[in-house]
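This report refers to the structure that appears directly beneath it.
The values are calculated or read from the model by the stated rules, or taken from the named source; none is laboratory data. Just so you know, these numbers come straight off a predicted model, no measurement behind them. Ideal geometry is used to build each Cβ from the backbone, glycine not excepted, and the neighbour counts take in all protein chains shown. Calculation scope for accessible area: heavy atoms of the full protein, side chains included, ligands and nucleic acids excluded. Shrake-Rupley method; radii C 1.70, N 1.55, O 1.52, S 1.80 Å.
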Amino acid sequence: METTVPSCDDIHKAVAERLFGAKLVQSNFRGEVVESIIAKALGPCWIHCSDGWGGWDFEKTVGSALVRLQVKQSAARQSWKTKRKSTPSFRIAEVSGYYEEDDEWKSDRGRHAEIFVFAWHDDTSDSADHFDAKQWKFYVVPESLLEKETRKNIPLPAVEKLAEPKEFTDLKDEIEKVALSIGSQPTPPSPPATS
């Protein structure tokens with residue numbers, strides 16, 4: 001019996017169903033879901049640029065400044081069965097650099113976004129659905145509030161001290177407010193030239 005070669009479309013559908021076909025998405029792919037939810041909130045004024053090894057997930061010019069936004073997410077209910085309870089946390093470690101648009105690596109240690117959005121899905125019931133934007137809480141935090149953080153991960157209680165949780169319907173306004181405060185900051189003067 002001859003084996004039929006599957007079409008690219010068949011494989012695409014099979015992968016999409018396997019990775020995203022259930023209400024709960026495994027953690028290493030859940031970020032894609034959360035970024036898509038945030039993209040719907042922000043609309044076309046923000047560029048979704050998180051492909052590959054980019055240094056941030058969204059960007060927008062505000063005033064004369066490029067404001068960059070990084071999304072971090074965590075969920076109480078996982079795609080696998082677990083009885084282990086742990087304190088949710090978000091990775092905020094500095095990175096060694098990022099790829100620029102022309103695929104050139106830019107060595108630049110630090111956090112490269114001016115805004116962090118920490119998304120938390122706390123529903124542990126059978127109705128938990130990672131695709132439901134109404135089930136997420138979003139904490140919008142300027143990177144300046146994370147500057148003194150030396151931890152690689154920040155626990156949810158520490159995030160809650162930095163920002164109030166926002167529902168999906170309030171997310172865009174909160175991000176725009178923080179972006180405007182960053183974009184309207186005066187550019188620091190250049191140091192005087194020495195002769």
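Listed values, structure above:
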| quantity | calculated |
| --- | --- |
| Residue tally, condition closer than 22 Å to residue 128 by Cβ and surrounded by 15 or more Cβ atoms within 10 Å (Cβ to Cβ), over the range 40-67 | 1 |
| Residue 147 open to solvent by 70 Å² or more (accessible area, probe 1.4 Å), at pLDDT 95 or above and either in a loop (DSSP other than H, G, I, E, B) or within 24 Å of residue 27 (Cα to Cα) (or both) | no |
| Any hit, the range 53-69, residues being modelled with pLDDT of 90 or more, among the basic types (Lys, Arg) and over 13 Å from the mean Cα position of the chain (by Cα) | yes |
| Condition check for residue 71: in contact (Cβ under 8 Å) with a residue 40 or more places away in the chain and among the aliphatic types (A, V, I, L, M) | yes |
| Answer from 108, 103, 173 - the residue that is of a type in the set (Asp, Glu), assigned to a strand (DSSP E or B) and out of contact with any Ser or Thr (no Cβ under 6 Å at 6 or more places or on another chain) | 108 |
| Cβ-Cβ under 8 Å pairs, at least 6 apart or on other chains, the range 158-181 side in contact (Cβ under 8 Å) with a residue 60 or more places away in the chain, far side β-branched (Val, Ile, Thr) and part of a helix (DSSP H, G or I) | 168/37; 171/38 |
| Among (1) within 25 Å of residue 132 (Cβ to Cβ); (2) part of a loop (DSSP other than H, G, I, E, B); (3) within 19 Å of the chain's Cα centre (by Cα), the one test that residue 33 misses | (2) |
| Residue satisfying condition, being over 18 Å from the mean Cα position of the chain (by Cα), at pLDDT 85 or above and not in a strand (DSSP E or B), within set 40, 83, 23 | 23 |
